[in-house]
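These notes concern the structure reproduced below.
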Amino acid sequence: MGIKFCEWCGREFVPNKYSSTTQRYCTADCLNAARNKQEKVERKCIVCGKSFLGKPKRKFCSKECRARKQEQKNKNLDRELEPDTPYLCQKWRQEGESIKKIASTLSRSEKSVKKALAVKLTRVQLRTMEEYFIPCTNTPSRRSRPATTDLLEEQITGSTKG
Ligand SMILES: [Zn+2]
Ligand SMILES: [Zn+2]
């Protein structure tokens, strides 16, 4: 394992044996210094609109603005349930949608969808759900015996009668 030269301070160092091929700087300090030296451009903070100097991909002027954005996002995803959110979530869930899919459809967090799934629906809502139930698979919607058996029996009795 050879000795390398730090690309920041030029000092000789023995690379950590696990990262001997990738290690370019002698210490974390040199790595950080090199990173910070990266070209900075004038950016506009997407939260407060202030101009600042930062790396080309930077979106926020400060940690505070970054936190504020994240907070807004979380708040939005975890916002209060609408009156029909539990109904919608439970209906789609019955139809076989994944929680993830429902969450993205409603622009909510999965946590928020799970909360909606735990809400007890009113009798009216449950009845509406049954009426509008759209099975996405071939599984029978009623818990009684499968409809196909009924159909078969009908066909058989019908043909013997006729
Ligand atoms: Zn160094
Ligand atoms: Zn800002």
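Rounded to the nearest Hz, the phi-derived 3J(HN,Hα) couplings of region 90-97 under the Karplus curve 6.51 cos²θ - 1.76 cosθ + 1.60 (θ = phi - 60°) are 6, 5, 5, 4, 5, 7, x, 6, where x marks glycine and proline. Between amide H atoms placed 1.01 Å from N, distances below 5 Å from R43 occur with F52, L53, G54, all of them 5 or more places distant or on a separate chain.
Read-outs throughout are calculated quantities, based only on the coordinates presented, and are distinct from any laboratory measurement. Owing to the predicted nature of the structure, the values given are computational and were not obtained by experimental measurement.
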